[in-house]
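What follows is one structure encoded as structure tokens, with my remarks underneath.
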């Protein structure tokens, strides 16, 4: 009976253990490229960058829409005025009489900007009514069924032409900045990925060291009891065990902190298990410094921003030169209108309506205002040219040395990987020799320290290579694996 109860209890424990094992959620596995792809598609930073690009596209759509014909309806319903006005009498005298005036007007206008000359072409149709109450009541209607006109500034900067040039550059900058933000996310994700991977490896290494030091301390206690080692060696072993316990606590905290940062970067649910797969195989990129410099100068958004600044500097010179000098304003219109006592008659027997005006502005003396503005704009243009030259040279240098940095990182990684293998093997040999009493405890702990140092060096070299890889992509906006420029993604989910 006792054996049966024990068997049933054991079976129940196995069933509960099986259920608990299968109730645990499957961890989400990520390689470095998987993590980068998720951060670029579903990360919060990527979504913010996508929103910025969408805003830029909508601004461009609004700008393009403003260049198309604009239809508007304008009205005053009504305009009421009650006042005492002077009234001229037949005998030449003036008498002040009270008057009430009620006016209503409605105008439909179709306007089109003229991109070449910078003026406005408009077509109007309007209807208005005027009611006057005084000594006698008067109601008058007035219509303008059709009025075609143009407004044009002469000898003034063509603002529409400058706006078009700037807007084209702004759209290009927004698209390039979005692509660059994704590459910047790749660098950030790489650092966060290796922060957590290093923390996980560090925790595993700390637990291994704790187990080894615990076994060595137990072994040394037995040796001390039989007099094979001195008390100093036993105390050194106990001190190493205490340090190993503290290292486990610190490594556990660092593991949790980096895991939280990784979840935030990848926008993962809180509490979701994550497993990182170390990238053993690295892309062996063959990058040429000349190609890197050429593509950086061609693809970077910063270079387009410099071109935009140069266009704006040219615009300021043009506005300073023509905006305060001699100028004129032309307005001409032609159409039909009519007036009558009721609305039905104002569209009959239409009369021709014409208007032409030419306003002239000729500065006589400005106390150096115009020349001062021109010289200031030229000085700003000179400063912008120097800044652009410096930025272009800096961009070229960054791309040049990014290629060399990637090549160096690859060599350092190969050496660090070999050193890690040698350090691990040396520690295993030292541990076995210590167990059989062939070496002292100082040599054992030195081998353990060198093994841990080699592991950290390898992890840092692995991180350094991938950061250098993505940094080269970021600085050149060029994919050296596919040998093509890095374009924008079609969409971000």
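Residues that are closer than 13 Å to residue 262 by Cβ and either in a helix (DSSP H, G or I) or within 16 Å of the chain's Cα centre (by Cα) (or both) within the range 26-43 comprise 32, 34, 35, 36, 38, 39, 43, listed in sequence order. Between 190, 144, the distinction of being under 19 Å from the mean Cα position of the chain (by Cα), surrounded by 17 or more Cβ atoms within 10 Å (Cβ to Cβ) and in contact (Cβ under 8 Å) with a residue 60 or more places away in the chain belongs to 190 only. Scanning the range 215-225 for residues that are in contact (Cβ under 8 Å) with a residue 12 or more places away in the chain and either in contact with a helix residue (DSSP H, G or I) (Cβ under 6 Å, 6 or more places away or on another chain) or farther than 19 Å from residue 432 by Cα (or both) returns 216, 217, 220.
Output the residues belonging to the range 287-300 that are part of a helix (DSSP H, G or I) and crowded, with 18+ Cβ neighbours inside 10 Å.
Kept after step one, since they are part of a helix (DSSP H, G or I), are these residues of the range 287-300: 289-299.
Within the range 287-300, 292, 293, 295, 296, 299 meet the criteria.
Kindly establish whether residue 406 is at pLDDT 90 or above and either within 30 Å of residue 205 (Cα to Cα) or loosely packed, with under 13 Cβ neighbours inside 10 Å (or both). Spelling it out, residue 406 is indeed at pLDDT 90 or above and either within 30 Å of residue 205 (Cα to Cα) or loosely packed, with under 13 Cβ neighbours inside 10 Å (or both). Hey, among the residues in the range 465-488 that are exposed (fewer than 15 other Cβ atoms within 10 Å of the Cβ) and farther than 19 Å from residue 409 by Cα, which one's modelled with the lowest pLDDT? Ranking the candidates gives 487 first. Among the residues that make up the range 360-376, is at least one of them surrounded by 15 or more Cβ atoms within 10 Å (Cβ to Cβ) and within 37 Å of the chain's Cα centre (by Cα)? Yes: the range 360-376 contains one or more residues that are surrounded by 15 or more Cβ atoms within 10 Å (Cβ to Cβ) and within 37 Å of the chain's Cα centre (by Cα). Within the range 276-307, if we keep just the residues that are over 17 Å from residue 401 (Cβ atoms) and modelled with pLDDT of 90 or more, the residue that is nearest to the chain's Cα centre (by Cα) turns out to be 301.
Does residue 136 satisfy the condition of being buried (at least 16 other Cβ atoms within 10 Å of the Cβ) and either more than 48 Å from the chain's Cα centre (by Cα) or under 30 Å from residue 360 (Cβ atoms) (or both)?
no
Do we have residue 45 as surrounded by 10 or more Cβ atoms within 10 Å (Cβ to Cβ), in contact with a helix residue (DSSP H, G or I) (Cβ under 6 Å, 6 or more places away or on another chain) and modelled with pLDDT of 50 or more here? Yes: the conditions hold for residue 45. In the set (1) assigned by TED's automatic domain parsing to the domain that holds residue 299; (2) in contact with a strand residue (DSSP E or B) (Cβ under 6 Å, 6 or more places away or on another chain), the condition left unmet by residue 343 is number (1). One residue alone among 81, 102 is surrounded by 14 or more Cβ atoms within 10 Å (Cβ to Cβ) and on the phi < 0 side of the Ramachandran plot, and that residue is 102. For beta carbons closer than 7 Å, sequence separation of 6+ or different chains, a first residue in the range 226-238 that is farther than 14 Å from residue 440 by Cβ and a second that is surrounded by 15 or more Cβ atoms within 10 Å (Cβ to Cβ) and at pLDDT 80 or above, the qualifying pairs are 231/224; 238/217.
Across the range 256-275, what is the total count of residues that are in contact (Cβ under 8 Å) with a residue 60 or more places away in the chain, within 23 Å of the chain's Cα centre (by Cα) and part of a helix (DSSP H, G or I)?
Result for the range 256-275: 5.
Of the residues 244, 260, which single one is surrounded by 14 or more Cβ atoms within 10 Å (Cβ to Cβ) and at pLDDT 85 or above? Reasoning before the result, please.
Details: 260 fails: surrounded by 14 or more Cβ atoms within 10 Å (Cβ to Cβ).
Just one listed residue meets the conditions, 244.
The values are calculated or read from the model by the stated rules, or taken from the named source; none is laboratory data. Just so it is clear, the structure is predicted and the values come from calculations on it, not from any experiment. Here the Cβ is made from the backbone with ideal geometry for all residues, glycine too, and neighbour counts use every protein chain on show.
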